[in-house]
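Derivation of every value follows stated rules applied to the coordinates shown; laboratory data play no part. Only a predicted model underlies this, so the values are computations on that prediction, with no experimental measurement involved. We place every Cβ from the backbone using ideal geometry, glycine too, and count neighbours over all the protein chains shown.
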Amino acid sequence: MMKQAEEMIQAAQDMRVPENVQAFAEDSVQRTREVYERLSGVAQETTKAFEEITEAAQKGAKTLTEQLLENMIANTEAALDAAEAVVRAKTLPEAARVQADFWQQQLTKASEQTKAFYELSGEIAKTTFEQWNAVASKTLEQVKSSASN
């Protein structure tokens, strides 16, 4: 029994992988490595592009915040100027006229500010989504190309 086991161990040690099987395995490993390297490159490019999109979106948010702050400052200063004018009015009708003028101007200004803010936010959103779509499309094409090679 021991001799049989030794003969089997010796036969297993002497056994060789057929050349065609070894060549197939080596080729498979090489192709897998090539696909991995291409996909790794795609992933790195995509990550960089997403970082750029994120930066652009952050800049857009900053621009919107700055616009809101500018509007708030302008509106507050206009309200304070109107308050000073009302206080300096010599008669009640003059104070009422100053107040009415302020509200008329402020409503016009608020409409202009709202329109400008809406247009700016729409442009930022459009640009961000266009970038996002371009990156997603490019990535999909690169993955398809890498997988088919």
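The condition (being over 21 Å from THR47 (Cα atoms) and surrounded by 12 or more Cβ atoms within 10 Å (Cβ to Cβ)) is satisfied by just one residue among ALA134, ALA116, ALA100, ALA125: ALA116. Residue by residue through the range 83-118, note down the ones that are among the basic types (Lys, Arg) and within 20 Å of THR65 (Cα to Cα). Answer for the range 83-118, where residues must be among the basic types (Lys, Arg) and within 20 Å of THR65 (Cα to Cα): LYS109, LYS115.
For the range 44-101, the tally of residues that are outside any helix (DSSP H, G or I) and among the polar types (S, T, N, Q) stands at 1.
Residues are listed down the side, and each one gets a yes or a no for (1) aliphatic (A, V, I, L, M); (2) exposed (fewer than 14 other Cβ atoms within 10 Å of the Cβ); (3) within 21 Å of ASN133 (Cβ to Cβ):
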position: ARG33; (1), (2), (3): no, yes, no
position: GLU37; (1), (2), (3): no, yes, no
position: VAL42; (1), (2), (3): yes, no, yes
position: PHE50; (1), (2), (3): no, no, yes
position: GLN67; (1), (2), (3): no, no, no
position: MET72; (1), (2), (3): yes, yes, no
